[in-house]
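Quick notes on the structure that follows.
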Amino acid sequence: MKRGKRYKKISELVDKQKYYELEEAVDLVKKTASAKFDETVELATQLGVDLRHADQAVRGAVSLPHGTGKAQLRVLAFAQGEKATEAENAGADYVGGEELAKKIADGWLDFDAVVATPDMMRVVAPLGRILGPRGMMPSPRAGTVTNEIGAMIKEIKAGRLEWSSSTRIDRVGAVLHVPVGKVSFTKDQLKENILTMIDAIIKAKPAAAKGKYLKSASISCTMGPGIKLDTQDLVNLLEG
């Protein structure tokens with residue numbers, strides 16, 4: 001891939017052979033942001049799991065201390081009766097049942113997240129082929145099929161982030177990419193978000209995974225180069 005002069009210039013700031021401690025890496029990622037918009041900071045981790053085996057899948061959800069910097073998500077809730085009222089009071093943008101399912105089946109996708117009460121999954125299940133590939137299919141494991149629908153909607157609105165190791169599979173493991181903020185965030189905000197995400201990934205290690213789990217990690221901004229992180233430094237910071 002041919003790179004422009006701007007990219008080559010900011011790449012010179014990064015030592016490709018070095019594994020940076022988090023403090024220095026966050027300073028550097030802010031320096032490499034040169035676009036005219038507020039670039040997203042992304043964390044990439046390579047995990048020592050074999051995703052050909054279902055019991056080594058890595059997934060979870062986390063609420064970052066300072067959010068991701070994205071605009072508040074539009075939440076659609078499948079609920080009825082008192083639970084529909086609870087969803088509305090919690091700030092759901094759309095609440096309903098069969099009528100919403102029909103709109104989605106007809107091509108309407110003007111929302112960012114979907115939650116449902118267990119009794120409404122009979123309505124939601126046929127939408128799997130539409131919502132699944134977009135990462136919006138409610139599931140008990142992700143907590144988006146729940147009777148505590150109001151609490152879940154508030155979490156999503158506050159910046160809850162769902163993630164999965166199925167982002168990419170190659171012969172040496174799984175690579176997970178997740179947003180951890182914007183370059184406009186303070187250094188401390190980015191550090192806290194990154195450590196929260198790393199902690200969640202480590203805690204989600206499957207029992208079946210063998211050998212080194214957190215194989216590598218790096219951060220980058222939308223238009224910038226990757227900055228390798230010292231994984232032992234990350235572990236030391238988490239252990240405090």
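Structure data summary
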| quantity | calculated |
| --- | --- |
| Search result, residues across segment 69-92 that are in contact (Cβ under 8 Å) with a residue 60 or more places away in the chain and not in a loop (DSSP other than H, G, I, E, B) | VAL75, ALA77, PHE78, LYS83, GLU86, ALA87, ASN89 |
| Given (1) outside any loop (DSSP other than H, G, I, E, B); (2) at pLDDT 95 or above, number of the condition LYS18 does not satisfy | (1) |
| Near pairs, Cβ below 6 angstrom, 6+ apart or cross-chain, from segment 93-109 (farther than 15 Å from ARG122 by Cα) to any residue that is charged (D, E, K, R) | ASP93/ARG74; VAL95/GLU88 |
| Filtered residue count, segment 224-240, keeping only those that are part of a helix (DSSP H, G or I) and in contact with a helix residue (DSSP H, G or I) (Cβ under 9 Å, 6 or more places away or on another chain) | 6 |
| Within segment 127-183, tally of residues that are modelled with pLDDT of 85 or more and touching a strand residue (DSSP E or B) at 6+ places or on another chain (Cβ under 8 Å) | 23 |
| Test set (1) hydrophobic (A, V, I, L, M, F, W, C); (2) in a strand (DSSP E or B); (3) closer than 16 Å to LYS228 by Cα - VAL95 fails condition number | (3) |
| From the options ALA61, ALA92, ALA84, residue that is closer than 15 Å to ALA113 by Cβ, in contact with a strand residue (DSSP E or B) (Cβ under 6 Å, 6 or more places away or on another chain) and assigned by TED's automatic domain parsing to the domain that holds ILE149 | ALA92 |
| Members of segment 174-217 that are crowded, with 21+ Cβ neighbours inside 10 Å and touching a Lys or Arg at 6+ places or on another chain (Cβ under 6 Å) | VAL183 |
| Some residue of segment 194-208 being modelled with pLDDT of 90 or more, assigned to a strand (DSSP E or B) and not basic (Lys, Arg) | no |
| Those residues of segment 209-223 which are out of contact with any helix residue (DSSP H, G or I) (no Cβ under 6 Å at 6 or more places or on another chain) and either at negative phi or among the hydrophobic types (A, V, I, L, M, F, W, C) (or both), in sequence order | LYS210, LYS212, TYR213, LYS215, SER216, SER218, SER220, THR222, MET223 |
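The values are calculated or read from the model by the stated rules, or taken from the named source; none is laboratory data. Every value quoted in this text rests on a predicted model; they were computed, and no experiment measured them. All Cβ positions, glycine included, derive from the backbone under ideal geometry; neighbour counts span all protein chains shown.
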